[in-house]
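Here is the structure we will look at.
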Amino acid sequence: MGVDGLYGRSGAFEHVIDRINAAISVIGDPDRPEVMRFPPGIGKWQLEQSGYMRKFPQLAGTVYSFFGSDHEHRALIEMLDKGGDWTEAQATTQVALTPAACYGVYPTVAARGRLSDDGALVDIYAFCFRNEPSIDPARMQMFRQREHVRLGTHEQTVVFRDLWMSRGRAIIESFGLPCDVAAATDPFFGRAGKLLATQQREEHLKFELLVPITSKEEPTACVSFNYHRDLFGRAWSIETTAGEPAHSACVGFGVERIALALFKHHGFAVKDWPRDVRDVLGL
Ligand code: ZN
């Protein structure tokens, strides 16, 4: 689309995305998650309260718009005519771009009051934004994540995370893709971020399922398995029945990356993909 990391999608590509989502639903729907769908924007306040700006300021996107008068509009047009920086005439709105699909879930669950004994299980699907322009087609600036999010006790969330680690691998293997699961860290910003990354690795909080797409040496994370401890429980005052801060975990499928991996390994003509892969995907 004239910007690194922004892509349109063809009908054929979207059909594969739909079938990937359907395959995830076959595995996840029997758990009866509550389905929630959020727009690709969240409140700017949500970005603040979640702690995102403290850890990942370099990835965040905020929506700006024009709030000026007729006079300022004329100045804006003059700036456009001169080929100058017209964005100076803009100011920030209340909207930020969704950085991870599950960010809409925590304030929503928090607003309902204390969790039940069963905790909460939510199915999410949203466009996300990250400010990391790249010519690697597997590193998009705007992409979709299909997630399941679990909130509850430490035990409930760890059981969920471990269950999805084996399910995630089984799903990707059923697509005929080579994969590996490895410990991972989030791209925390700056010097303080190095410490956070070390902690995250030592405490086994994040794992990624990797599939070679553009490089064998540096395979691409197609699914991530995240245990947040009580980070979001505290940030949003979500409590378990015992009145403790809730723990949370999420599994996120990068559906565009999985589709790219399928095209990379099985070819551009879906009709020529292995029969068993097409059967699993219903293609
Ligand atoms: Zn998540």
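Going by average Cβ neighbours within 10 Å, how do the peptides 149-158, 274-283, 124-133 rank, with the highest at the top?
Values: 149-158: 21.3, 274-283: 13.6, 124-133: 18.1.
Top of the packing list down: 149-158, 124-133, 274-283.
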Quick one: the Cα spread of the stretch 137-243 along its three principal axes, in angstroms, biggest first? 46, 37, 28
Radius of gyration, Dmax [the stretch 1-45; alpha carbons; angstrom]: 15.1, 42
Could you check how many percent of all C-alpha pairs in the stretch 186-277 are farther apart than 20 Å? 56 percent
Comparing G28, G168, G190 in a Gaussian network model of the chain (Cα, 10 Å), the one with the largest mean-square fluctuation is G190
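Express in % the proportion of alpha carbon pairs of the stretch 38-89 at distances exceeding 18 Å. Can you show the working numbers first?
On the way: 679 of 1326 pairs.
Taking all Cα-Cα pairs of the stretch 38-89, the fraction more than 18 Å apart is 51 percent.
Quote to one decimal, in nm, the extra length available between E203 and S134 on full extension: 0.36 nm per residue of separation minus the C-alpha distance between them. The partial results should precede the final answer.
On the way: separation 69, 0.36 × 69 = 24.84 nm, distance 3.03 nm.
Net length gain for the segment: 21.8 nm.
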Cβ-derived FRET efficiency at R0 45 Å, L196 paired with F66, nearest 0.05: 0.75
How high is the FRET efficiency from T92 to V159, r the C-beta distance, R0 35 Å, rounded to 0.05? 0.30
Which values of log₁₀ I(q)/I(0), to two decimal places, follow from the Debye formula for the stretch 105-186 at q = 0.17, 0.22, 0.26 Å⁻¹ with a uniform point scatterer at every Cα? -0.98, -1.24, -1.28
Lysine pairs in the chain with alpha-carbon atoms under 16 Å apart, 8 or more places apart or on different chains: how many are there? 5
Given 109-116, 44-51, the highest-first ranking by average Cβ count within 10 Å works out to 44-51, 109-116
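Applying a 10 Å radius around every beta-carbon, put 220-229, 260-269 in order of their mean neighbour count, most first.
Values: 220-229: 22.0, 260-269: 16.7.
Put in order of decreasing packing, that is 220-229, 260-269.
Counting residues in the chain as N, plug N into 2.2 N^0.38 Å and put the Cα Rg over that result. Write down the numbers at each step before the final one.
Working: Rg = 20.5 Å, N = 283, 2.2 N^0.38 = 18.8 Å.
Normalised by 2.2 N^0.38 Å, the Cα Rg of the chain equals 1.09.
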In nm, give the distance between the simple-model label positions of S174 and D81, each being 7 Å from the Cα along the Cα-to-Cβ direction. 6.2 nm
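Length gain on complete extension for the stretch A12 to Q58, per 0.36 nm per residue less the alpha carbon to alpha carbon distance? Don't skip to the end; give the middle numbers.
Values: separation 46, 0.36 × 46 = 16.56 nm, distance 3.32 nm.
Between A12 and Q58, full extension yields an extra 13.2 nm.
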Counting pairwise Cα distances across the stretch 46-133, what percent come out greater than 19 angstrom? 58 percent
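No value in this document is a laboratory result; all are computed from the given coordinates. No experiment lies behind these values; they were computed from the predicted model shown. Neighbour counts run over all protein chains shown; Cβ positions are idealised from the backbone, glycine included.
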